[in-house]
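All remarks here apply to the structure that follows.
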Amino acid sequence: MRKEKKIERIYEMLNDPLVQEVLFNIFEGDEKGFEVIDVLLEKGETTEEEIAKELGVKLNVVRKLLYKLYDARLVDYKRWKDEDTNWYSYTWLPTLEKLPYVVKKKINELIKDLEKKLEFEKNNMFFFCPNCNVRFTFEEAMDYGFSCPGCGNMLQEFDNSELIKDLEEQIKFLKEELKNNPFLK
């Protein structure tokens, strides 16, 4: 019963939008990763060939997703040598109980990145070319004589106050999620 409760808790976590977003980034946008997790949770321990067969996808797709999960420390493997073929085979096991730690780590990394961007936006003045839709720092604009290197048009001052506001809201949201999300405690 304890194992069933643990798996139930993992499925609850997998339904959380923040957890899904972090996993989606780990999978680099490949939604098949969620299906790989489902098979791993269902079987507990399985080979990449069995996962590929069950999902009807190519073996290299499954391997790629398993390696991404392994890099995030959300799966582990056992390696064994087939005596007939002399090839190594792998059995994969889910270690999704580490998911809260992985999500916290990824969110903290994201917050740091957003804080760096925010600092950059607050500490710089910007100009842009309305034709090419390219933005330049004040120093870059000065180097180009305040004319666009792409089309030659005069650069205009860029108001980044909305961008600053958006970054501050994203940071605030993520910090509140870290504090209040029941799966991350």
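The values are calculated or read from the model by the stated rules, or taken from the named source; none is laboratory data. Since we're looking at a predicted model, the values are computed, not measured. So basically every Cβ, Gly included, is an ideal-geometry build from the backbone, and we count neighbours across all protein chains shown. Protein only, heavy atoms only, side chains kept; ligands, DNA and RNA dropped before computing areas. Shrake-Rupley method; radii C 1.70, N 1.55, O 1.52, S 1.80 Å.
Given the residues LEU69, LEU18, which is the only one that is modelled with pLDDT of 95 or more and surrounded by 13 or more Cβ atoms within 10 Å (Cβ to Cβ)? Walk me through how you get there before you give the answer.
Working: LEU18 fails: modelled with pLDDT of 95 or more.
Result: LEU69 is the single residue among LEU69, LEU18 that is modelled with pLDDT of 95 or more and surrounded by 13 or more Cβ atoms within 10 Å (Cβ to Cβ).
With (1) of a type in the set (A, V, I, L, M, F, W, C); (2) out of contact with any Leu (no Cβ under 8 Å at 6 or more places or on another chain); (3) not in a helix (DSSP H, G or I) as the list, and TRP92 as the residue in question, which single condition is left unmet?
For TRP92, the failing item is (2).
Right, THR85: free of Cβ contacts under 8 Å to residues at least 12 places away in the same chain and either in the same structural domain as THR47 (by the TED database) or more than 30 Å from GLU35 (Cα to Cα) (or both) or not?
yes
Of all the residues that make up region 45-79, how many are within 17 Å of LEU99 (Cβ to Cβ) and either in contact with a Leu (Cβ under 7 Å, 6 or more places away or on another chain) or of a type in the set (S, T, N, Q) (or both)? Break it down stepwise before answering.
Quick first cut of region 45-79, residues within 17 Å of LEU99 (Cβ to Cβ) only: 65-66, 68-76.
Within this subset, residues satisfying the condition of being either in contact with a Leu (Cβ under 7 Å, 6 or more places away or on another chain) or of a type in the set (S, T, N, Q) (or both) are 74-76.
Matching residues across region 45-79 total 3.
Listed here are the residues, each with its yes/no results for (1) outside any helix (DSSP H, G or I); (2) over 30 Å from ILE111 (Cα atoms); (3) open to solvent by 30 Å² or more (accessible area, probe 1.4 Å); (4) among the polar types (S, T, N, Q).
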residue: ILE7; (1), (2), (3), (4): no, no, yes, no
residue: ILE10; (1), (2), (3), (4): no, no, no, no
residue: PHE24; (1), (2), (3), (4): no, no, yes, no
residue: GLU50; (1), (2), (3), (4): no, yes, yes, no
residue: LYS64; (1), (2), (3), (4): no, no, yes, no
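Assigned to a helix (DSSP H, G or I) and under 21 Å from PRO182 (Cα atoms), is that true of LEU99?
Numbers: assigned to a helix (DSSP H, G or I): yes; under 21 Å from PRO182 (Cα atoms): yes.
For LEU99, the condition - assigned to a helix (DSSP H, G or I) and under 21 Å from PRO182 (Cα atoms) - is met.
Conditions: (1) within 30 Å of LYS6 (Cα to Cα); (2) open to solvent by less than 70 Å² (accessible area, probe 1.4 Å). GLU97 meets all but one. Number of the miss?
Looking at each condition in turn, GLU97 falls short on (2).
Checking LEU110 against (1) open to solvent by less than 40 Å² (accessible area, probe 1.4 Å); (2) of a type in the set (A, V, I, L, M); (3) in contact (Cβ under 8 Å) with a residue 40 or more places away in the chain, which single condition isn't satisfied?
Among (1) open to solvent by less than 40 Å² (accessible area, probe 1.4 Å); (2) of a type in the set (A, V, I, L, M); (3) in contact (Cβ under 8 Å) with a residue 40 or more places away in the chain, the lone unmet condition for LEU110 is (1).
Kindly provide the set of residues from region 144-184 that are touching a residue at least 40 places away in the same chain (Cβ under 8 Å), of a type outside the set (Asp, Glu) and either surrounded by fewer than 16 Cβ atoms within 10 Å (Cβ to Cβ) or in a helix (DSSP H, G or I) (or both), ordered by number. Full working, then the answer.
From region 144-184, those touching a residue at least 40 places away in the same chain (Cβ under 8 Å) are 163-164, 167-168, 170-171, 174-175, 177-178, 181, 183-184; that's our starting set.
When the remaining residues are screened for being of a type outside the set (Asp, Glu), the result is 163-164, 167, 170-171, 174-175, 178, 181, 183-184.
Passing the criteria: LEU163, ILE164, LEU167, GLN170, ILE171, LEU174, LYS175, LEU178, PHE183, LEU184.
What pairs can you find where one residue is in region 118-140 and farther than 14 Å from PHE158 by Cα, the other is modelled with pLDDT of 95 or more, and their Cβ atoms are less than 7 Å apart, with a gap of 6+ or different chains?
Filtered contacts from region 118-140: LEU118/ILE164; LEU118/LEU167; LEU118/GLU168; LEU118/ILE171.
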